[in-house]
Structure formats: structure tokens, C-alpha cells
Amino acid sequence: MHPPRGLYVKSVKPRDLSQQVLPEPSVGVRDLTPVLLHDETLRDGLQTPSGQDAVIDDKLEFLHLLDQIGVDSLSTGLPAAGPRAVADATRLCREIADQGLRIRPGCAGRTVIGDVARIVDVSQAAGISVEVMTFIGSSPIRRYVEGWSLDFVRKQSSAAIRLGVAEGLPVTYVTEDTTRTPPDVLRELFIAAIDDGATRLCLCDTAGHATPHGTKKLVEFARSVVEETGADVGLDWHGHDDRGLSLANGLAAAEAGVDRVHGCVLGIGERVGNTPLELMIAHLDARVLASTERDLTRLGDLCRCASRALARPIPTNHPLFFVDSEGDAAAPSGAFRGGLSPWTRMPAGD
């Protein structure tokens, strides 16, 4: 039996909506500002607890797909990890140079002179400028675990940045665990990095701690620090998915003012994973936030390549593609097949 009408909710007279004029959708300035995309699949994605490092032929195929889609840059690896990492990063960078690809290469390294020196070696061997993405933990808990003082972090950062700049390479200063670092510490590190010649600052939600609201506040703060210096410095966002918010946080960061967002194809990465690059591409394209005209029809090929190369299956509930009985991503899924989204332009490939 149903409860008597009005027992729980007070009855109200229906409104006449026939004459109501809906407001035009509000589009902020940031909604029309291009956002770059940076792929971390072949570096941070390899931190996944389940999967494998791809062979170089698969990495080259993956590189070309990123370039065809219109991804702006990628990390080719962490050369300090060992000889194979150096060889693969050098081969990928040389491919970009030799084939005249549009995508720009980068390499990751700790704020250690030896790590930056390995990146310089890769750049010189490949004959192409390679972005130095040098990282160090900045939060109190990271410094406590490592036994670092703030002065140590500052000095390590300065030495690494200055070496990259002295070698004529663009340097991105990456503060690990940015989202759990006090503003006064970030301000000090950011200003010092800019003074040392860093051309970009990367805000990291290393532990997947942030919410979209917090992400926007952090980006706004970082923008204010950059504006104080008057320097032409870009802002990156690098997110993890521990609370299932990496995609929402990446979009919030883009709307708040970062000009480049990081991601990994299929969201692979350490622990539960990173921001899914293919979903960031689709969302930015739909919201006129893409930096270039992107070829979304190759996203299926990109996902299949990553799945095969890294031995990670495409989830059966992937937002872009359903998986058929043979385990292959076969077509755009759900409502997207019904023309409700521009994502319907993305076949998964043959």
C-alpha cells in the first residue's frame, strides 16, 4: 500500500513552465582556452602493479598513434632507471626527430644531478630538445618519510633545474604531493624554481587526495604565484585516481587555468591508476578545450595498442567502448551510440 499523499512531502501546485525562457548556457573565458595534453603511459603508467613494460616496437606504434590523434607531448621514460630506459627513451626521441612528428618529447628524473644528466644524454643522442621533468616530494609527510628538510628540497631542486637550463633544455618543476603541501611551502618552492629558470610548474595529486573544488583552489593559488613573478611559466596538472576523482579533477584543473593536463591511456598507473588520457581527450574535445584539432577516430586504436603492449585488458565497462564476447573493444558504448555525444565519432578500430 502507498502512504497517504502528502504524508512525507507537502503537496505544491505545479508551476506553469510553458512561458519560461531558459537562460543561455554560460561559457567562461577558460572554457574557450586551449589545454595541452601530456601522455605519461610509458613512464608513470609503467608503475602499475599489474602489467608489463612494452617492447620498443609497441612503444613506437603507441608514439605514432599519440601523434596522429594530436596529443601534444609525452614522457618517453625515466632514463635513470637503467640502460633499457635510456635506450628506449633515446629511440623514441630519435623517431620524433627523424619522422618530423608534431608531438614533443620529455623525460622524467628526480631532482638529482645524475638523473638530469641522463636526460641531457638522451637529448644529445637523439638530436632533439627533450623536456626535463624533474620531481621531488614537497609535502610534510613526504619530507618526514624521506628525512628531508625544506632547505634540502630547495637546494636539490635548484641544482637540477639549473643544470637543465644550462644545457638549453626546457625544465618542468614537479612537486610531488602538491595537494598536501602547505601554500607557504609551495610559494617558496615555486618562486625559487621560476628564478632558477623553470618554464613550467607541475601540480601533482600524487596520492589521489584532491577533490575538484580543492583542485580549482590549488590551481588558482599557483596561477597567482606565477602572476606575482611576471614570468611566462606554464602550469601542469598530474592526477591519480585513488578516490575515483582523477578525471573530474583533471577537468577542474583545466577549467581553473592549467594549460596542460597529464594522463595515461586506460588510466593505468601506480596503485589504482592515473587520469585516463582517452577520457580527458574526449571531454576536452566536447567542451572546446582541446588545444588542436584532434582525430578522435584513433582513440580505439590507441586503447587497443596500450592494452596489448602493457598486457592490460580494456575494462568491459569502459565509458567509450563496450567489449564484445571475444574480448575486443568493438564500438562506442551506451548512449554515445545514440548520438547524445560527439564521442560517437570514435570507432574502436578494426
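Please treat every number below as a calculation from the coordinates, not as lab data. None of these values were measured; they are calculated from a predicted model. When we count neighbours, we look across all protein chains shown, and the Cβ atoms used for this are built from the backbone with ideal geometry, even at glycine.
Can you tally the net charge around V272? Count Lys and Arg as +1, Asp and Glu as -1, for every other residue whose Cβ sits under 10 Å from the Cβ of V272.
Net of charged neighbours comes to -1.
Pull out a ≥ b ≥ c, the square roots of the eigenvalues of the alpha-carbon gyration tensor of the range 59-197, then state rounded if a/c is under 1.5, prolate if not and a/b is larger than b/c, and oblate in the remaining case. Intermediate values should be presented prior to the final figure.
Working: a/c = 2.12, a/b = 1.94, b/c = 1.09.
Prolate, since a/c reaches 1.5 and a/b exceeds b/c.
Going by how many other Cβ atoms sit within 10 Å of their own, how do F190, F221 line up, fewest first?
On the way: F190 25, F221 16.
Arranged by neighbour count, lowest to highest, F190, F221 become F221, F190.
So what's the gap between the Cα centers of the range 38-110 and the range 230-266, to the nearest angstrom?
About 20 Å separates the Cα centre of the range 38-110 from the one of the range 230-266.
Using the Cβ atoms and a cut-off under 11 Å, what net charge is assigned to the surroundings of T48, where Lys and Arg are +1 and Asp and Glu are -1?
Details: positive: R271, R312; negative: D44, D53, E270.
With Lys, Arg at +1 and Asp, Glu at -1, the net is -1.
For the range 29-312, give the magnitude of the charge dipole about the Cα centre (Cβ charges: +1 Lys/Arg, -1 Asp/Glu; no others), in debye to the nearest 20.
Details: 30 positive and 41 negative charges, 78 e Å.
About 380 debye.
Net charge near P140: determine it from the other residues with C-beta under 12 Å of the C-beta of P140, scoring Lys and Arg +1 and Asp and Glu -1. Working shown, then result.
Details: positive: R142, R143, R180; negative: E146, D177, D184.
With Lys, Arg at +1 and Asp, Glu at -1, the neighbours total 0.
Amide H to amide H under 5 Å from T111: which residues, 5+ apart in sequence or cross-chain, H placed 1.01 Å off N in plane?
F135
Round to the nearest 0.05 the FRET efficiency obtained for F152 and A125 when R0 = 30 Å and r is the Cβ-Cβ distance. Before the final figure, lay out each step's value.
On the way: r = 31 Å, r/R0 = 1.05.
Once the sixth-power term is evaluated, E becomes 0.45.
Cα gyration tensor of the range 29-312, axes a ≥ b ≥ c as square roots of the eigenvalues: rounded (a/c below 1.5), prolate (a/b > b/c) or oblate? All intermediate terms of the calculation are to be shown ahead of the outcome.
Values: a/c = 1.44, a/b = 1.15, b/c = 1.25.
Here the range 29-312 falls in the rounded category.
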